[in-house]
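The values are calculated or read from the model by the stated rules, or taken from the named source; none is laboratory data. These numbers were taken from a predicted model, which means no experiment stands behind them. Counting neighbours? That spans all protein chains shown, and the Cβs are built from the backbone with ideal geometry, glycine included.
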Amino acid sequence: MPQPPQVPFGAPMRHAHFAFSPSYLPLNHGSYGTHPVSVRAAHLALRAEVEAAPDPFIALHFASRLAKSRAAVAGLLRCSSDELVFVPNATTGIDTVLKNLDWKPGDVVLCYELVYGSVANGLSWLEEARGVEPHVIFREWPIADDDIVKMMVDTTRQINAQPGKRVRLAICDTIISGPGARVPFERLVPALQAEGAMVLVDGAHGIGHVDIDLGVMKPDFFVTNLHKWFFVPRGCAAFYVPKKNQALIRTSLPTSHGFKPKRPLFLSTPEENAFEELFDFTGTSDTTNYLCVEAALRFRHDVCGGEASIQQYCRWITERGATIAAEILGTHIMNIPGSRMRECNFANIRMPLELRTEHEVNNRETAEQDGKVDPRHANAVSDWIKHVGCTESGTYFQNFLYRGNWWWRISGMIYVEEADFRKGAHVLKQLCARNHVPCLGRRSYDETSDEYNDLPSGPSDIRCQDLTIPDLSADYTQAHWGLDETAVTFVEDISLGACRIKTRKCPEEKPTQTPGSLDEAHQSETLEVERFAKAEIHSAHGHGAGGNDEEPMWNALTEGSEWSTF
Amino acid sequence: MASSHDGAGHNSLPEFGSEVLKHFLFDSDYRNLNHGSFGTIPRHIQNRLRHYQELYEARPDQFIRYDLPKLLDKSREAVAKLLNAPTETVVFVPNATIGINTVLRNLVWNDDGRDEILYFNTVYGSCGKTIDYIVDSNSGLVSAKEITIAYPFEDDEVVAKFRHAVDSSRSVGKRPRVCLYDTISSLPGVVFPFENITRECRKYGVLSLVDGAQGIGQIKLDLTTLDADFFTTNCHKWLHTPRGCAILYVPLRNQALVPSTLPTSHGYVAKTGARFNPLPPTTKSPFVSNFEFVGTVDASPFLCAKDAVKWREEVLGGEDRIMAYTEWLAREGGKKAAQIVGTKIMDNKTRTLTKCALVNIAMPIHVSSSNRSSSATTTSTGYSSSVSMPTGEASVVCQWMSEVLVKDYKTFIPFFISAGQVWARLSAQVYLDMRDFEWAGKVLLDLAQRVGKREYKIKERL
């Protein structure tokens, strides 16, 4: 039975423990994550400790302190702590495997078409530089779990049946990034290993998100980001290599002090390849965030009530958020029978956008008014929605075009609640509607609104209160953002990310496009959504902080400032 | 004492030394004599760092995807200007080791197996190991050749050795493709004739790969004049940026030789065609956009480079004033400390080794290469006594002295063995002055005497 959190999940949790700008609506935890202010405080303390006496901290004490973090994470993932090291991110962990294996002629790397982009690039590099053949299974997702396993196993067998070829390495995810979908990794690992392949599990979305038991899963290589779902400051991932495979990972990326060469340049006694030491220090960087695991764990346990409590809420809010969004957008949630794809903190909601068919493109008369997107503009539309979502509404819509359809990936997290998804869905609906209008094709946003190319990209004011010398960034703001009438400028207090509104110039109404670009219905909807959003915020005050000391701050932040564009 | 060396006439500028200490973050009882290993930041840069981190958490996606690239460009611009390099040739990487790895792992070796990597025996440890790895993992396609020079070397000697190495490599049918060398070597901390060797590389058609780990902020660098093929330098050491900030410079003519970051990530443009990139579209060159995002990390230290350049200009009076002071303090302070210990600093006849902010002081601990004498012996030479011991024991002594420094003296000084002797490396910085070097001299003398009493053996037994 999960323990209740100290502060209710949703808006109260956000206000009490997270450092978002008041005008920002975070619906995409999955890309870069964030961490609570208590973890930030721990991180700042560690950084202060380094500068107080740099050499002792880095050269003498860091490795032993890191060992504690590694042990804590190893305990959670159920592996031995000498099989787990830290790297900056999952991409680095995966590339470390790709660049280390002693590739042989005929070796094939197997993956499916939703393999993460940077990993795919790593495979391209491998093909070009080492002649290793990547084999990508092109098949449309979603796919039922049984079929995923069958498709991977069958393909492995087909490749292995070819003379001189073998699937040396297969790659699968715990949770795919786009579309956000849980993969039956527990079944894939043994099934592919039974075919003689080594299995590399990309757990970029792993720890803190889904249950992982490496003792049972027994992958050949596994990496999971701690900065996404586990609340460790950015640039922190756990990289697992079981003892039997450690001899294959001869060097860190970059090769550094820990490398034990076959023929050393310097006189030294040949030693065992100590996997742990290899990754302790790979060049000077700030890795104090690696030591924040304890603070993250404490927050998760003490404030949130433990992993089960977090997971329960995140699943619930993902489900609710997706249902609300699908209802508002008039669409559906990606799913397929026989799949556990939705057992995670992601949901993918179809966006109300249609691509023109080739026939429709050629038929100029209907193409002007059908409200569909020209295929040539398809990627630009995704980018435009992301960009305008940020600049106008303070929300980043993680959306993508997959096999002809647009999907919005939402992230459930402890600091969001139903109202947030309602606001987000309304904004997205409007944005999609604006894209229906033909004059908002790629050229139009340049000419009529400057929104796509020239509008400043954000309201973050780069001014800092306690500067003793004039700051370049003031000029920067003036030159680059000064023209932005809609920008919220905020000045931050240096203490722990607390932000407060300084000035706000609210647009009277949305900048209109060429006449007719926003029809009256859309305009009135805009206003309605704004009113609606304000009501939401007021209700958030009401139940939100509930006697908590944070409430006055929240009110002070918003009082007298017409800041919401929702 | 320092006043004649700190650019008199600027009344608003601080006198270097203890007056500058207030800008830094050291514990009041800690004396930082080893800036050269990991650097440190002033309070102002700490504030800037925190500021960028707060921007990250305030609007994570917006900041990382839209605002960060612009701020990164500003920072690249500021550093490029300082290095006199075109902005499009300068990108950020976390440290020089990654810079060197990025270049060496990208070079495509010829199929004939004749390619050779040249390097000097003064190479930094992690870079030497990178060469090992490249040799180990390329199935005989590339070999490595070490050029041996002995401290304290003369610049001309290094040039002659380089020429000889290229000739002898070619005479056995090898093709010297690339040569790796330092701006300033780490241990000992002495200037390497990198300008001369870069000229030689150009003359001989060998790619020049310069490890400027000790570089920007310590010595004057003009990359356009230098015209190296690849150059990397740490900003977190001498430019006062937060740790994890270095520059990789690749002139336009060589950018096609570096198609991938380390790790390979979103920016990679595969020969087989472009893939989905989650970041907003860009008009920047493949080189610049490739290094803009290499996987999620905290890029705030990169953004601080611009602020650090500005802070050094406005608060410290600029690069020339800083370097004039640190070079003077290293050499003169080093001499003072050596005088107290009863030894000398490492330099050559032309005094080119000490044109930097590092200085190496001989310890009265001699190392015998033979293993015949199994334990240390003490001899008195003139006014101070000196100890002699085998290499293995000297390593134990170096380790012991470092630990004792932290524990008993609240400081840290790296020790190393070179030219049959144990040496201590000191770093000059704007927050140190002659009194700190005098103090260092006394501490080193004290340590040497404790070594003479075999205290390290007592510790060993405990």
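Every residue, every condition in (1) of a type in the set (F, W, Y); (2) within 14 Å of another protein chain (Cβ to nearest Cβ); (3) within 30 Å of B:G39 (Cα to Cα), yes or no:
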position: B:C127; (1), (2), (3): no, yes, yes
position: B:I131; (1), (2), (3): no, yes, yes
position: B:D136; (1), (2), (3): no, yes, no
position: B:D155; (1), (2), (3): no, no, yes
position: B:V158; (1), (2), (3): no, no, yes
position: B:H164; (1), (2), (3): no, no, no
position: B:R177; (1), (2), (3): no, no, no
position: B:L187; (1), (2), (3): no, yes, yes
| query | Counting just the residues of segment B:409-424 that are more than 12 Å from chain A (Cβ to nearest Cβ) and in contact with a Leu (Cβ under 9 Å, 6 or more places away or on another chain), which one comes out farthest from B:P14 (Cα to Cα)? | reply | B:S418
| request: Kindly check whether there is at least one residue in segment A:309-321 that is in contact with a strand residue (DSSP E or B) (Cβ under 7 Å, 6 or more places away or on another chain), of a type outside the set (K, R), modelled with pLDDT of 95 or more and in a loop (DSSP other than H, G, I, E, B). | output: no
| query | Tally time: how many residues in segment A:166-190 are over 23 Å from A:E133 (Cβ atoms), part of a strand (DSSP E or B) and not aliphatic (A, V, I, L, M)? | reply | 1
| field | Number of the condition not met by A:K104 [criteria: (1) of a type outside the set (A, V, I, L, M); (2) more than 9 Å from every other protein chain (Cβ to nearest Cβ); (3) buried (at least 18 other Cβ atoms within 10 Å of the Cβ); (4) within 30 Å of B:L107 (Cα to Cα)] | value | (3)
| message | Please determine whether any residue of segment B:175-185 is of a type in the set (D, E, K, R), over 21 Å from B:F416 (Cβ atoms) and without any contact (Cβ under 8 Å) to a residue 24 or more places away in the chain. | response | no
| request: Could you please find all residues in segment B:404-445 being under 18 Å from the mean Cα position of the chain (by Cα) and farther than 15 Å from B:V359 by Cβ? | output: B:F412, B:V430
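Let's see how each residue does on (1) more than 14 Å from every other protein chain (Cβ to nearest Cβ); (2) in contact (Cβ under 8 Å) with a residue 60 or more places away in the chain:
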{"position": "A:A53", "(1), (2)": "no, no"}
{"position": "A:F57", "(1), (2)": "no, no"}
{"position": "A:T92", "(1), (2)": "no, yes"}
{"position": "A:V115", "(1), (2)": "no, yes"}
{"position": "A:R130", "(1), (2)": "no, no"}
{"position": "A:V136", "(1), (2)": "no, no"}
{"position": "A:P163", "(1), (2)": "yes, no"}
| message | Within segment A:223-233, does at least one residue satisfy the condition of being more than 14 Å from every other protein chain (Cβ to nearest Cβ) and in contact (Cβ under 8 Å) with a residue 12 or more places away in the chain? | response | no
| Which condition does B:R202 not pass, out of (1) outside any loop (DSSP other than H, G, I, E, B); (2) closer than 17 Å to B:A96 by Cβ, if it passes all the others? | (2)
| Just for segment A:378-412: of the residues that are assigned to a loop (DSSP other than H, G, I, E, B) and surrounded by 21 or more Cβ atoms within 10 Å (Cβ to Cβ), which one is farthest from the chain's Cα centre (by Cα)? | A:G394
| message | Please go through segment A:223-257 and give me each residue that is small (G, A, S) and either surrounded by fewer than 21 Cβ atoms within 10 Å (Cβ to Cβ) or in a helix (DSSP H, G or I) (or both), ordered by number. | response | A:A247
| request: Could you identify the single residue in B:K271, B:K284, B:K310 that is of a type in the set (K, R), in a loop (DSSP other than H, G, I, E, B), within 12 Å of chain A (Cβ to nearest Cβ) and over 21 Å from the mean Cα position of the chain (by Cα)? | output: B:K271
| request: Looking at (1) in contact with a helix residue (DSSP H, G or I) (Cβ under 6 Å, 6 or more places away or on another chain); (2) modelled with pLDDT under 95; (3) away from chain B (no Cβ under 14 Å), find the lone condition where A:A67 falls short. | output: (1)
| Which condition number in (1) modelled with pLDDT under 95; (2) at the interface with chain A (Cβ under 10 Å from one of its Cβ atoms); (3) surrounded by fewer than 20 Cβ atoms within 10 Å (Cβ to Cβ); (4) in contact with a Lys or Arg (Cβ under 9 Å, 6 or more places away or on another chain) is the one that B:R43 fails? | (1)
| query | Which one of A:G93, A:G75 is surrounded by fewer than 23 Cβ atoms within 10 Å (Cβ to Cβ) and not hydroxyl-bearing (S, T, Y)? | reply | A:G75
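To keep it simple, each residue is scored yes or no on (1) farther than 28 Å from B:L405 by Cβ; (2) in contact with a Leu (Cβ under 8 Å, 6 or more places away or on another chain); (3) among the hydrophobic types (A, V, I, L, M, F, W, C); (4) modelled with pLDDT of 95 or more.
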position	(1), (2), (3), (4)
B:A2	no, yes, yes, no
B:N11	yes, no, no, no
B:G17	no, yes, no, yes
B:H23	no, no, no, yes
B:N47	yes, yes, no, yes
B:E54	yes, no, no, no
B:P60	yes, no, no, no
B:R76	yes, no, no, yes
| said: Given the criteria surrounded by fewer than 17 Cβ atoms within 10 Å (Cβ to Cβ) and away from chain A (no Cβ under 12 Å), does B:A256 qualify? | reply: yes
| query | Could we say that B:G99 is small (G, A, S), in contact with a Gly (Cβ under 9 Å, 6 or more places away or on another chain) and away from every other protein chain (no Cβ under 11 Å) here? | reply | no
| note | So, first residue facing chain B (nearest Cβ under 8 Å) and closer than 15 Å to A:V427 by Cβ in segment A:379-392, second residue acidic (D, E) and assigned to a helix (DSSP H, G or I), Cβ within less than 9 Å, six or more apart or across chains; the pairs are A:K386/B:D61; A:C390/B:D61
| Test result for B:E332, without any contact (Cβ under 8 Å) to a residue 40 or more places away in the chain, farther than 29 Å from B:C179 by Cα and among the acidic types (D, E) | no
| Hey, A:G75 within 26 Å of A:G412 (Cβ to Cβ), modelled with pLDDT of 95 or more, touching a His at 6+ places or on another chain (Cβ under 7 Å) and part of a helix (DSSP H, G or I) or not | no
| said: For segment B:359-373, give me each residue that is modelled with pLDDT of 95 or more and either in contact with a Lys or Arg (Cβ under 6 Å, 6 or more places away or on another chain) or in a loop (DSSP other than H, G, I, E, B) (or both). | reply: B:N360, B:A362
| request: Might you check whether a residue that is of a type in the set (D, E), assigned to a loop (DSSP other than H, G, I, E, B) and within 11 Å of chain A (Cβ to nearest Cβ) occurs anywhere in segment B:291-302? | output: yes
| task | Please determine, by comparing only the residues of segment A:23-51 that are hydroxyl-bearing (S, T, Y) and touching a helix residue (DSSP H, G or I) at 6+ places or on another chain (Cβ under 7 Å), which one is farthest from the other protein chains (Cβ to nearest Cβ). | result | A:S38
| message | For segment A:1-49, which positions are crowded, with 22+ Cβ neighbours inside 10 Å and among the hydroxyl-bearing types (S, T, Y)? | response | A:S21, A:S23, A:Y24, A:T34
